[in-house]
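Here is the structure we will look at.
The values are calculated or read from the model by the stated rules, or taken from the named source; none is laboratory data. Everything numeric here is computed off the predicted structure, so don't read it as measured data. A quick note on method: Cβ atoms are made from the backbone with ideal geometry, for glycine too, and the neighbour counts reach across all protein chains shown. With ligands, DNA and RNA removed, areas are computed over all heavy atoms of the protein, side chains included. Shrake-Rupley method; radii C 1.70, N 1.55, O 1.52, S 1.80 Å.
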Amino acid sequence: MATNLCRVLPACSRAALNGRIRMSLSATSCCHPKMITRMSHHEVPVPPGETRTESDTFGPIKVSTSAYYGAQTARSMYHFNIGIPTDRMPLPLIEAFGLLKKACATVNKQFGLDKKVSDAIAQACDEVIAGKLNDHFPLSVWQTGSGTQSNMNVNEVVSNRAIQLLGGTMGSKKPVHPNDHVNKSQSSNDTFPTVKIANDIRLLGSGPRCGIGELVLPENEPGSSIMPGKVNPTQCEAMTMVAAQVIGNHVAVTVGGSMGHFELNVFKPLIIKNVLHSIRILSDVCHSFTDHCVVGIEPNTAVLDRYIRESLMLVTALNPHIGYDKAAQIAKKAHKEGTTLREAALALGHLNAEQFDKYVNPKDMV
């Protein structure tokens, strides 16, 4: 099997394969699937010069003492050494991450994050935004599609810089932890993809009597020539139309770029026009969307409070106190009868009102 495998692989693939797969041949069962086994996980090489020890859930790892990033960034540098240095994650994205992490730290301070920690995170984020820490974001674009490693790259850099600002020891994760503090109330899936959100705002603002209705959008102009009082999410619609146009422009640019023959491309006017057009309308719509929608968005607190009271998922808070089976009974009864969890719990007698209010506190579950 090993011989046949190597026979069909080109020389470069065989070279890459060498040392990574151990071939085990047997005279009696050479085609058994267990004949090919992967070698043990490669340890990340120790960088040259002075190092310090960082750690993640996989264990300790050595990183350069001059680097603000930590273990997860170092692992990604090793496992995704693809297209470096030309294909590093774009710096405008890193700047956006700095803005995002600073905003999160500001909000988290209002919900209990220590002021010193929050302020240190914000100061470190200001340095990220200003580009002062650009050298500490070495990761390739070609990594996990969710951007988890770049999210952690930012978390680690901000954490270690904040630790340094507070007089602590880099790599200690004290008093600023990359996950518990910098990434507090976030995940990669709601930090890395937060660039296209107009459709979400439109849906979350749908209403007023039907729809989701969690957001109140600014009322900029009448929304209908026949239905009095109707207001449309017009800025969201403009943003998504521009996005559709940019996608179309990109297709035309791609086709134009493929039309070069004999070292001459005669589609350059199309390419130039579409690229500049995309830049212009994206810039304009971002300003319009911000000025006439984002800054005026307000939470519909009455609707949000009702959704929280009626949510069946809050029942998970009861598991440690009454067990899964009784909690499931409460959820099923509330769902079947259209009541709240509180009403169902009291009706079943599994809890009294004081116990329910103590155990089921949505603020403790955020």
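Here are a few things to note about the model shown:
- Span from the the range 262-278 Cα centroid across to the the range 339-366 one, whole angstrom: 64 Å
- Cα radius of gyration and Dmax for the range 71-167 (Å): 13.6, 42
- Note on the range 109-194: with neighbouring protein chains present and a 1.4 Å probe, carbon and sulfur make up 49 percent of its accessible heavy-atom surface.
- Between the range 60-76 and the range 152-179, the alpha-carbon center distance in angstrom: 12 Å
- Contact order normalised by residue count of the range 60-158, Cα under 8 Å, 6+ apart, percent: 45 percent
- A cut-off of 5 Å between modelled amide H atoms, ignoring neighbours fewer than 5 places along the same chain, links E214 with S206.
- Across the range 178-189, coupling constants 3J(HN,Hα) worked out from phi with the 6.51/-1.76/1.60 Karplus curve, θ = phi - 60°, read x, 8, 5, 10, 5, 9, 4, 6, 9, 8, 4, 5 Hz, and Gly and Pro carry x.
- Value of Rg/Rh across the range 170-289 [Cα atoms, Kirkwood radius]: 1.17
- Residue among L203, L217, L270 with the largest mean-square fluctuation in a Gaussian network model of the chain, springs linking Cα atoms under 10 Å: L270
- Listed pairs K115/K363; K115/K173; K116/K184; K333/K358; K174/K196; K115/K196 exceeding 23 Å between Cα atoms: K174/K196; K115/K196
- Within the shell defined by Cβ-Cβ distances under 12 Å, the residues around Y69 carry a net charge of -1, with Lys and Arg each +1 and Asp and Glu each -1.
- Top of D325, D126, D56 by mean-square fluctuation, Gaussian network on the chain, Cα under 10 Å: D325
- The residues of the chain expose, per residue, 62 Å² of accessible area to a 1.4 Å probe.
- Choice from T53, T254, T169 showing the highest fluctuation, given a GNM over the chain with Cα pairs closer than 10 Å: T254
- Förster radius 35 Å - calculated FRET efficiency between H277 and A130 (Cβ-Cβ, nearest 0.05): 0.70
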